[in-house]
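Derivation of every value follows stated rules applied to the coordinates shown; laboratory data play no part. What you are looking at is a predicted structure, and each value in this text was computed from that prediction instead of being measured. As a convention, Cβ positions derive from the backbone with ideal geometry for all residues, glycine included, and neighbour counts pool all protein chains shown.
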Amino acid sequence: MPTALILGASSDIGLAIARKFAQEGYDIQLGTRDPAAISSTQSDLSIRFNIRCSLHQFDADRTASHEFFFTQLNPSPEITVYCIGYMSQGKEMEDSWEETEKIISANYTGAVSILNIVSRKYASQKKGTIVGISSVAGERGRQSNFIYGSAKAGFSTYLSGLRNWLYPFGVHVITVKPGFVYTKMTENLDLPSLLTASPEEVGRAVYSASLKKKNTVYVKAIWRWIMLIIKFVPEPVFKKLKL
């Protein structure tokens, strides 16, 4: 039975992805900062889908622990999904280096640290799939979330290069761009329903992309066209917009 490692398993998106892969017969490894907080999820997935589900302590910020974390997994997962994210906005982001650093660490530094380790393993065995949950926010910097957007832009570029590097080894890398998602991270935002996905939609999109070996996935297809338009707005005009 194949195994999927979900990093950021306590997030709404992480839990939805774990449920979808469990439903499809995968054993699940849940990586999260506080495993005890989702012990009920472990039990539920194991019983509901008759699979093996294990809990593992994983902290994206503690990069020195990542090598040991991944090498001690038994079995080694066939698919690794990184869905850790952190976002703050406005004055909190602008005035606090601590907030800025948390955004960069969760969305980029921690991701690169663990996925470099996963990549070496998958390249050596000439198989495996890596999925990174990035964001449309990384496609052009906007005043409302430029730190978060720049971290996601870096992550998307990293995944693109990783996909290029790992292709000769038979390892596939998928970039997922959900757009707006109804989660705890966005619960204080007024989100347009047409452009906003549920965590379950993200879970289905990730599983489908892994089967079809897709490269870049927009969970809501409309975002591909929205971002295409935004990217083509001339900079002298764009810099005056309130976005």
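Taking amide H positions as modeled 1.01 Å from N, with prolines and chain starts lacking one, the residues under 5 Å from residue 54 and 5 or more places away or on another chain are 28, 29, 30. Of the options 22, 176, 104, report the single residue whose Cα projects farthest towards the positive end of the charge dipole of the chain (beta-carbon charges: Lys, Arg +1; Asp, Glu -1). Positive-most Cα among the choices belongs to 176. Here the spin labels are modelled as points 7 Å beyond Cα on the Cα-Cβ line, and at residue 184 and residue 143 they lie 3.2 nm apart. Any idea what angle helix 222-231 forms with the longest principal axis of the chain, computed on alpha-carbon atoms, 0 to 90 degrees, nearest 10? The angle comes out near 50 degrees. Close amide H contacts of residue 216 (hydrogens built in the peptide plane, cut-off under 5 Å, sequence separation of 5 or more or a different chain): 175. Can you list residues whose amide H is under 5 Å from residue 128's amide H, if they're 5+ apart or on another chain and H is modeled 1.01 Å from N? Close amide H contacts, sequence-distant or interchain: 172. For the stretch 213-220, backbone phi angles converted through the Karplus equation (6.51, -1.76, 1.60; θ = phi - 60°) give residue-by-residue couplings of 6, 6, 9, 10, 10, 9, 4, 9 Hz, Gly and Pro being listed as x. Looking at this model, which pairs from 177/212; 126/214; 184/212; 214/240; 20/213; 184/231 are more than 25 angstrom apart at the alpha-carbon? Beyond 25 Å between Cα atoms: 184/212; 214/240; 184/231.
About the centre of its Cα atoms, the chain shows a dipole size close to 1020 debye [charges on the beta carbon of Lys, Arg (+1) and Asp, Glu (-1) only; nearest 20 debye]. Fraction of C-alpha pairs exceeding 28 angstrom in the stretch 3-238: 28 percent, rounded to a whole number. Counting only alpha carbon atoms, the long axis of helix 199-212 and the longest principal axis of the chain meet at about 70°.
Helical content of the chain, expressed as a calculated mean residue ellipticity at 222 nm, amounts to -13500 deg cm²/dmol (DSSP H runs of 4 or more residues, -39,500 (n - 2.57) each, divided by residue number, nearest 500).
Highest mean first, the peptides 4-16, 195-207, 131-143 sorted by other C-beta atoms within 10 Å per residue fall in the order 4-16, 131-143, 195-207. Using only the alpha-carbon atoms, how far is helix 146-166 inclined from the longest principal axis of the chain? Give it as 0 to 90 degrees, nearest 10. Computed tilt is about 50 degrees. When you count the other C-beta atoms within 10 angstrom of each residue and take the mean per peptide, 52-60, 21-29 line up highest first as 21-29, 52-60.
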